[in-house]
Each structure stands twice: as structure tokens, then as C-alpha cells.
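Novice: Below: one structure in C-alpha cells.
The values are calculated or read from the model by the stated rules, or taken from the named source; none is laboratory data. Predicted, not measured: the structure shown is a model, and the values here were computed from it. In this analysis, Cβ positions are derived from the backbone assuming ideal geometry, glycine residues included, and neighbour counts consider all displayed protein chains.
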Amino acid sequence: MPNKLGVLLFSAALGAGAETVLSPDPWPRWRGPFDNGVARGDAPTEWSDTKNVAWKVAIPGRGFSTPVIWGDRLFLTTAVPTESAPAGQPGEGGGRGAGGGAAAGVEHKFIVMALDRRTGKTVWEAVATVARPHEGYHRKYGSFASNSPVTDGKHLWAFFGSRGIYCYTLDGRLVWKKSFRPLKMRNQFGEGTAAVLAEDRLILNFDDETDSFLVALDKTTGEELWRMARDEPSSWAPPKLVEHDGVKQIVVSATRKVRSYDPQTGKLLWECGGLGTNVIPAPVDADGRLFVMSGHREPNLLAIKLGGKGDLTGTDAVLWTNQRGNAYTASPVLDGGKLYFVTDNGMLTCLDAATGKPYYAQVRLPKPYNFKASPVAANGKLYLATEQGDVVVVKMGEKFEVLATNTLTDQFFVASPVVADGDLYLRSHENVYCIRQQ
């Protein structure tokens, strides 16, 4: 899941006129430096267990958070059980279908790790907390460490949802921590989203089955700056910082309404209905347009013109919609005026972001694949990490073309790929891999 940033200098990589706020280093947050799944440079096209693997490191416990990168360090989170699950509790791993509640009540260590991304060696490791979670997670796709961290190059914020958020220096010193009430997620599918930085504050969304809210914290102290109640059920889409016509806003995609908030005050700026249930994909934006998506019941994709106020539902601010082949879990990639997304059962679509017209739609990949990881893009190539351990590399453009299918034996991908300085980083259910051209 899920598992979430000079504009002028990098506008070519985003598509002309893109307005997403950028960050100066390789992969500081879940959806990368441009917050649209696009990397700055290239990455290898081909690899295997014995080719172009610079290093492979086993990660203790269970965690599906996507790593983030700053400088020579790769940061990730994991949760390590300190005891066995009681007899009769829902199991983990294999099998299909729903299955919430795994590992509920089992004590875990909630761990933050920093690796040297050149070698894979552990630089530091910190136990954020030891806790006995009140409810579990999806037995196949969930974990207690599915919320991706975020960094600004000075601090790292490790978000464990109901277990709180922890601010560290990049050398592993705890600066502050803050706890929250336990969430009640739909069907005990578990928690998993990402925090977003908005200048001097950290924005966190807590949509669950009880009292949902959006909160802003002072990033240096953890002090609560504002909190807004939300009439939303469980959702997993992360908040997104968007800037349009010089105005910054926080957009949150959810079932009842997509809503935009003033990051300084929490005031509601606009809202728009039209999505279905279990909203997971992250919003993306470019050229004054925002794209939000749901792929569960009543699937829909909305292209919303930025700049509106009030309730935009059913108005001409909704430029176009799409109900076919939408992603349920994986977030889209927006690059060069094209919107790419993949369904959970492996159907890939590429739309013209301006009009919604398909260049190709619901194209089957080389094998019957399943997806929970979100695709990423690097140098005109789309990387799609599958549940089956393959990563399919597709040439980006108006025509569908597979460049390579790369297999890592007996691996399972839920965390999304990360690209930095020509290297591709893959986190499986067991390991982190550095794929480097050799």
C-alpha cells in the first residue's frame, strides 16, 4: 500500500507546466522527488538473481513501507514480533482473498533502520516503541510497518499510525515522538499511508471507521497546530501537497469527497465527490489538473481543474472521468502528459492526461501478474513490481512495449520501487535489493 517533491529546473521531467513542489535529493518521500512516481535519472533495464545485483540484505520482521533515500542513506521501517501469535489467529502469507486481523494482540518491536545505500550495511537501527497492536492487518498484503517514512534531509519522520510518529536526526537520534488514538480500520485490513511535509509542518491523515481526522504537526517539535474532523470511512490514500497559482493546498482523496485544505489553517478550500470505496491510490497533479482514482466498488478516475472553490461535484471543474481499468491499490505515474496505472490483476492503461483518451487501455502484461506495489518511472521506462517476484519494464509512450521481464526468485513485492543515482532499490517481503548496472 499502501504504503506517498526548483520546479523550473525539473519541469521537463514532470511535463510542461507541472506544479508539484520538489525536493533537492533522490527519493525523500513515498512517490519520489516529484511526488508523481518519476525519478530524476536512469535505472537498469535488466537484472536477475545473478546479474546487476549490487547487494541484497535481509530485513528482520515484516514491513511493506517503501524506503526513502537522502544522500548515501536508505531509510525504512519494520515490525518484529517478540512472541508467537496465539493459536487460531488468522495466519500470514500465502493464499488469496480477504483476511484481516493477522497478528492482532501480538507484541512487536517497531523499528526504524538506516542502510548505507552503496553497500547495504546497517548504519543505525532504532526501536521506536514496543507495543501490542489492538487490531491486525491483511494477512497477505498488510503489516504493522506499511506507512512510508519521509525526510527533509535534516530529520526523518517514521510513521507507525496507531503506534505514533517518531522524529529522528539522520544519524538516528530521537528528537520527538507523538502518539495517537488506536484506529479502527475496515475489516482489520491494517493501516498504511504516508505523511507529507508542507514547509514547517507535517500533515497526517487518519481515516478509519470511527472519528476520522486530518492533523498538522510542527515538524521540529511535534506540537499539534490544527486538526480537522473528516466524515470519511477507512481510506489509505496519502495527503498530497499541491501548489497552483502560488497557492499551496493539501489534497486528500477519499470515498465521500476529495477535499483540499489550507496547510496553514486546515480550512477547507474545495471538495468534490465521485470516488468509490476503499480509496488507496495517491493523487497526482500537473498542468493545473489533479487526478484522483478509486478502483474498488463504483470505480472512478476524476480529472479536476485546480483553482476552484466550494463543492465542485458535477461542475465543469471535473474535466473528464474514467470508469474502466482503474487501479485499486497501486498509485498512478504521471509523466510527459500521460497517466499510467495498473490494476491489481495486471492490466496496464495509458491515458492522455489532458483529455482522458486512451493511448492504450487494459493491456495484459506478459504473464498473469498481480500488483500491490505502485509503478515508478525512470528515463522513459516504467517499472512494475509484481507479487510474483518479477519486475516488468515497459517503454513509456503512446504504444505499449515490454522492454524486459526481470525475476528475483521466491520474492513478493508490495513496497514500491525506488530509484536514485542510477540505482534501483526493491524491497520484497524478505529483502532489500540494490540493482546497479555492472
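Novice: Would you confirm, using the coordinates I've provided, whether T78 is within 28 Å of Q188 (Cβ to Cβ), of a type in the set (V, I, T) and modelled with pLDDT of 95 or more?
Specialist: Judged against the criteria, T78 is a match.
Yes or no, residue by residue, for (1) under 23 Å from E430 (Cβ atoms); (2) modelled with pLDDT under 90:
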| position | (1), (2) |
| --- | --- |
| H138 | yes, yes |
| V150 | no, no |
| G153 | no, no |
| P182 | no, yes |
| N187 | no, yes |
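Novice: Restricting to the stretch 81-102, and then to whatever is at pLDDT below 85 and of a type in the set (A, V, I, L, M), can you tell me which residue is surrounded by the fewest Cβ atoms within 10 Å (Cβ to Cβ)?
Specialist: Ranking the qualifying residues of the stretch 81-102, first place goes to A87.
Novice: Next up: Anything in the stretch 158-193 that is out of contact with any Ser or Thr (no Cβ under 9 Å at 6 or more places or on another chain) and part of a helix (DSSP H, G or I)? List them, or say none.
Specialist: Hit for the stretch 158-193 is Q188, nothing else.
Novice: State yes or no: is D218 modelled with pLDDT of 95 or more, acidic (D, E) and either under 22 Å from N36 (Cα atoms) or in contact with a Phe, Trp or Tyr (Cβ under 8 Å, 6 or more places away or on another chain) (or both)?
Specialist: Here the answer is no, as D218 does not meet what is asked.
Novice: Let me ask something else. Just to verify a result, which residue in the stretch 182-222, among those that are more than 19 Å from R62 (Cβ to Cβ) and small (G, A, S), is farthest from the chain's Cα centre (by Cα)?
Specialist: Only one residue fits best here, namely G222.
Novice: Please indicate, with yes or no, whether at least one residue in the stretch 231-249 is touching a Leu at 6+ places or on another chain (Cβ under 8 Å), farther than 27 Å from A330 by Cβ and of a type in the set (A, V, I, L, M).
Specialist: For the stretch 231-249, residues touching a Leu at 6+ places or on another chain (Cβ under 8 Å), farther than 27 Å from A330 by Cβ and of a type in the set (A, V, I, L, M): absent.
Novice: Kindly list the number of the only condition in (1) surrounded by 19 or more Cβ atoms within 10 Å (Cβ to Cβ); (2) modelled with pLDDT of 95 or more that fails for W176.
Specialist: Exception for W176: condition (1).
Novice: Continuing with this model, one more query. For the stretch 23-81, list the strands (runs of 3 or more DSSP E) that sit wholly inside it and hold at least 2 residues that are under 30 Å from V106 (Cα atoms); which are they?
Specialist: 53-58, 73-81
A quick yes/no check of all residues on (1) at negative phi; (2) of a type in the set (G, A, S):
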site	(1), (2)
A361	yes, yes
P368	yes, no
Y383	yes, no
G389	no, yes
G397	no, yes
F400	yes, no
A404	yes, yes
V419	yes, no
R436	yes, no
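Novice: Report whether or not V392 is out of contact with any Phe, Trp or Tyr (no Cβ under 6 Å at 6 or more places or on another chain), crowded, with 16+ Cβ neighbours inside 10 Å and β-branched (V, I, T).
Specialist: For V392, the condition - out of contact with any Phe, Trp or Tyr (no Cβ under 6 Å at 6 or more places or on another chain), crowded, with 16+ Cβ neighbours inside 10 Å and β-branched (V, I, T) - is met.
Novice: Would you mind finding the one in G41, G61 that is at positive phi and either within 21 Å of the chain's Cα centre (by Cα) or of a type in the set (A, V, I, L, M, F, W, C) (or both)?
Specialist: Going through G41, G61 in turn, the sole match is G61.
Novice: Considering each of S212, S253, S234 in turn, give the residue that is within 30 Å of A286 (Cβ to Cβ) and in contact with a helix residue (DSSP H, G or I) (Cβ under 8 Å, 6 or more places away or on another chain).
Specialist: None of the others qualify; the one that does is S234.
Novice: Filter the stretch 385-400 down to the residues that are assigned to a strand (DSSP E or B) and over 20 Å from E430 (Cβ atoms), then identify the one that is farthest from the chain's Cα centre (by Cα).
Specialist: Checked the stretch 385-400; the qualifying residue farthest from the chain's Cα centre (by Cα) is K395.
Novice: If Y369 meets every condition in (1) farther than 21 Å from P283 by Cβ; (2) under 17 Å from the mean Cα position of the chain (by Cα); (3) aromatic (F, W, Y) apart from one, which number is that one?
Specialist: Y369 satisfies every listed condition except (2).
Novice: Name every residue in the stretch 323-375 that is basic (K, R) and over 23 Å from G288 (Cα atoms), in order of residue number.
Specialist: Residues satisfying the conditions are R324, R364, K367, K372.
Novice: Now a separate question. Take the residues of the stretch 109-128 that are among the β-branched types (V, I, T) and surrounded by 16 or more Cβ atoms within 10 Å (Cβ to Cβ): which is farthest from A79 (Cα to Cα)?
Specialist: Going through the qualifying residues, I end up with V123.
Novice: For the stretch 246-272, which residues satisfy the criterion of being among the small types (G, A, S), in a loop (DSSP other than H, G, I, E, B) and crowded, with 20+ Cβ neighbours inside 10 Å?
Specialist: S253, A254 - these are the residues of the stretch 246-272 that are among the small types (G, A, S), in a loop (DSSP other than H, G, I, E, B) and crowded, with 20+ Cβ neighbours inside 10 Å.
Novice: Which condition number in (1) crowded, with 21+ Cβ neighbours inside 10 Å; (2) touching a Leu at 6+ places or on another chain (Cβ under 8 Å) is the one that P281 fails?
Specialist: (2)
Novice: Here's another thing I want to ask about it. So S11 ticks every box in (1) buried (at least 17 other Cβ atoms within 10 Å of the Cβ); (2) in a loop (DSSP other than H, G, I, E, B); (3) at pLDDT below 65 but one. Which box is left unticked?
Specialist: Evaluating S11 over (1) buried (at least 17 other Cβ atoms within 10 Å of the Cβ); (2) in a loop (DSSP other than H, G, I, E, B); (3) at pLDDT below 65 leaves (2) as the failure.
Novice: Condition first: at pLDDT 95 or above and under 29 Å from V57 (Cβ atoms). Can you find one or more residues in the stretch 346-361 that meet it?
Specialist: Looking for residues that are at pLDDT 95 or above and under 29 Å from V57 (Cβ atoms), one finds at least one in the stretch 346-361, hence yes.
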